[in-house]
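Student: Please read through the structure below; I'll follow up with questions.
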Amino acid sequence: MTRSPDTTGNAVARLAERLSKLAGAPVALERPSDPAHGDYATNVALRTAPQQKRPPRDLAADLAVRAAELDEIDRAEVAGPGFLNLWVTTEWLAGALAEVGPDYGAGAPETPQKIQVELISANPAGPLTVGSARNGAYGDSVARVLDYAGHEVEREYYFNDSGRQVDLFRASVEAPRRGEELPEGGYQGDYIDELAKVEGDPVEHMLEEIRREVAEFRIPIDTWRHQGDIEKHVGEVLPELDTFEADGTLWARTSAYGDDKDRPLVRSSDGSYLYFAADVAYVRDKLERGFDRAIYVLGADHHGYVGRLKAAAAMLGYDPERVEVLIYQLVHIVEGGQTKKISKRRGDVVFLHELVDKIGIDAARWYLVSRGHDQPIDIDVDLAAERTQKNPVYYVQYAHARIAGILRNAEGAGAGETPTELAAEERDLIKRLLEFPLVAAESAERRAPHAIPIYAIRLADDFHRFYHEHRVVGSETEAFRLTLARATQSVIAGALDLIGVEAPERM
């Protein structure tokens, strides 16, 4: 996905552009881990030395002289084999801070895309599990960062309301209604017993329950699709496919379109559609609605879907790159030091509502996106339920609430003048705030919202360190420090919103 650097409200990007013009090559600015090595550093001299056939240190020295002449730069030094370390001026930091507002870091793509994110789509055979909750929290956060990057995003839930598993679920509820034994391999658990006491189709009851759970988990679904409705159009789609018959089955020749093997479509014996037939019809349904990109968020047992869905798009005449499949790994619930075993059919599954009851929506949303989607997650329920600074979501929310308290006590002091010198903690906090646009943009580009809570913890660290060392209200630079506090509060709130976590004013 192509993004333009949003330089209108991004002082670091503008500074990098100015340095790029001096260097004659793109400059990426990074924060050194040791402040003694500057506020920012670049390896542009090392990267371009081979093309220019000059020693990297000589190139870096030339660039240091020219960079030091910029109004933004206080001094520039060459380090190591050809790194350029830069110290920015207090005036530049203050000007950059003034740009931090409610929409700070929002993107401006060169070509905004219309993107669909399909998420959760669990079989309506029970309440949502913690696995489905990770799908929802991750998928919704991807949608949020894509929206923040400037794209038009729609969230969709696909109800798998037909097929063998749904038939088995209905039979599992009907059996106790008739006083009979559960069918072999049937679903078990208290929720089955409860459904058996209620009249009507258990699938419809579960659909309503899922809609309620999704809304309570702060996932705004824009459209709902039903597999039963999609299957009505399979007959229209089949003639468009590259197919062949073998072993009494109609097959799609997906191996010719990048899949690892061919996929069955229809049983010739009775004309019944197999799973892939509905998958193909659903791909067409998505792309015919005009989405530039259709993102599927699927569980760890769906790795084979990447190739088959792209092959389906190619067979239908679409660019397969318009289909994107994000695979997330398992969630393990740890309580009392023990990992719970999960099986919906055995009835010992951990449901989303149980997790929320124990740790709350904020902690659940935070922990479910706290690691990359390609890594499993262990949620320590005991830690997640703590209201202490050992709990990362509480720690970040507390920073936001603490700032709210400071601002209440300040009684609306004005912006004031910038001090001639900034303390190290003030500089560090401003520089951390200026990282947010890049963090938000990369989270969208890489479909990696776990970078947001990582950043939020670092921002909270910097704020708590600043607050511990420096008085705000009543200090000689009260007005400036209040501006810094407001900006920090705004970015914390924005970061938390990108992962569906609330930013409280009081705790």
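The values are calculated or read from the model by the stated rules, or taken from the named source; none is laboratory data. From a predicted model like this one, the values you see are computed outputs, not experimental measurements. As a convention, Cβ positions derive from the backbone with ideal geometry for all residues, glycine included, and neighbour counts pool all protein chains shown. Accessible surface areas use protein heavy atoms only, side chains included; no ligands, DNA or RNA. Shrake-Rupley method; radii C 1.70, N 1.55, O 1.52, S 1.80 Å.
Student: Yes or no: the range 284-292 includes at least one residue that is free of Cβ contacts under 8 Å to residues at least 60 places away in the same chain, on the phi < 0 side of the Ramachandran plot, surrounded by 15 or more Cβ atoms within 10 Å (Cβ to Cβ) and in a strand (DSSP E or B).
Tutor: No.
Student: Give GLY126, GLY107 a once-over and let me know the one that is modelled with pLDDT under 95 and within 17 Å of the chain's Cα centre (by Cα).
Tutor: Exactly one of GLY126, GLY107 is modelled with pLDDT under 95 and within 17 Å of the chain's Cα centre (by Cα), namely GLY107.
Student: Among the numbered criteria (1) touching a residue at least 12 places away in the same chain (Cβ under 8 Å); (2) out of contact with any helix residue (DSSP H, G or I) (no Cβ under 7 Å at 6 or more places or on another chain); (3) under 20 Å from ILE210 (Cβ atoms); (4) open to solvent by 60 Å² or more (accessible area, probe 1.4 Å), which one does HIS332 miss?
Tutor: Single failed check for HIS332: (3).
Student: Next question, about the same structure. Specify which of the listed residues (VAL349, VAL306, VAL280) is crowded, with 18+ Cβ neighbours inside 10 Å, over 19 Å from the mean Cα position of the chain (by Cα) and assigned to a loop (DSSP other than H, G, I, E, B).
Tutor: Testing whether each residue is crowded, with 18+ Cβ neighbours inside 10 Å, over 19 Å from the mean Cα position of the chain (by Cα) and assigned to a loop (DSSP other than H, G, I, E, B) leaves just VAL349.
Student: Only one residue in ARG212, ARG218 is assigned to a loop (DSSP other than H, G, I, E, B) and charged (D, E, K, R), so which one is that?
Tutor: The match here is ARG218.
Student: Do you know which residues across the range 216-257 are closer than 19 Å to ALA313 by Cα and of a type in the set (Asp, Glu)?
Tutor: Result: GLU231, GLU236, GLU240, ASP242.
Student: Filter the helices (runs of 4 or more DSSP H) completely within the range 370-460 down to those with at least 1 residues that are touching a helix residue (DSSP H, G or I) at 6+ places or on another chain (Cβ under 8 Å) and open to solvent by 10 Å² or more (accessible area, probe 1.4 Å).
Tutor: Once the helices (runs of 4 or more DSSP H) in the range 370-460 are filtered for at least 1 residues that are touching a helix residue (DSSP H, G or I) at 6+ places or on another chain (Cβ under 8 Å) and open to solvent by 10 Å² or more (accessible area, probe 1.4 Å), what remains is 392-410, 424-434, 436-445.
Student: Restricting the search to the range 95-135, which residues are part of a helix (DSSP H, G or I) and either surrounded by fewer than 18 Cβ atoms within 10 Å (Cβ to Cβ) or charged (D, E, K, R) (or both)? Step through it out loud before you land on a result.
Tutor: Of the residues in the range 95-135, the ones part of a helix (DSSP H, G or I) are 95-98, 130-135.
Result: GLY95, ALA98, ARG134.
Student: I need a count of the residues in the range 58-83 that are more than 30 Å from LEU482 (Cβ to Cβ), without any contact (Cβ under 8 Å) to a residue 24 or more places away in the chain, open to solvent by 60 Å² or more (accessible area, probe 1.4 Å) and part of a loop (DSSP other than H, G, I, E, B).
Tutor: Here the count works out to 1.
Student: Looking at (1) open to solvent by less than 30 Å² (accessible area, probe 1.4 Å); (2) part of a helix (DSSP H, G or I); (3) of a type outside the set (D, E, K, R), which one does THR483 not meet, given that it meets all the others?
Tutor: (1)
Student: Just give me the residues in the range 230-265 being more than 17 Å from ARG284 (Cβ to Cβ) and of a type in the set (Gly, Ala, Ser), in sequence order.
Tutor: Within the range 230-265, ALA246, GLY248, SER255, ALA256, GLY258 meet the criteria.
Student: Right, something else. For the condition surrounded by fewer than 21 Cβ atoms within 10 Å (Cβ to Cβ) and either over 20 Å from GLY150 (Cα atoms) or touching a helix residue (DSSP H, G or I) at 6+ places or on another chain (Cβ under 6 Å) (or both), what is the one hit in LEU86, LEU19, LEU46, LEU15?
Tutor: That would be LEU46, the only listed residue that is surrounded by fewer than 21 Cβ atoms within 10 Å (Cβ to Cβ) and either over 20 Å from GLY150 (Cα atoms) or touching a helix residue (DSSP H, G or I) at 6+ places or on another chain (Cβ under 6 Å) (or both).
Student: Of these, GLN188, GLN227, which one is touching a Phe, Trp or Tyr at 6+ places or on another chain (Cβ under 7 Å) and among the polar types (S, T, N, Q)? I'd like the intermediate steps shown before the answer.
Tutor: Numbers: GLN188 fails: touching a Phe, Trp or Tyr at 6+ places or on another chain (Cβ under 7 Å).
That would be GLN227, the only listed residue that is touching a Phe, Trp or Tyr at 6+ places or on another chain (Cβ under 7 Å) and among the polar types (S, T, N, Q).
Student: Among the candidates ARG263, ARG211, ARG253, which residue alone is surrounded by 13 or more Cβ atoms within 10 Å (Cβ to Cβ) and within 30 Å of the chain's Cα centre (by Cα)?
Tutor: Details: ARG263 fails: within 30 Å of the chain's Cα centre (by Cα); ARG253 fails: within 30 Å of the chain's Cα centre (by Cα).
Going through ARG263, ARG211, ARG253 in turn, the sole match is ARG211.
Student: Right, another one. Taking only the range 141-195 into account, find how many residues are assigned to a strand (DSSP E or B), open to solvent by 40 Å² or more (accessible area, probe 1.4 Å) and touching a Leu at 6+ places or on another chain (Cβ under 7 Å).
Tutor: Residues meeting the conditions: 0.
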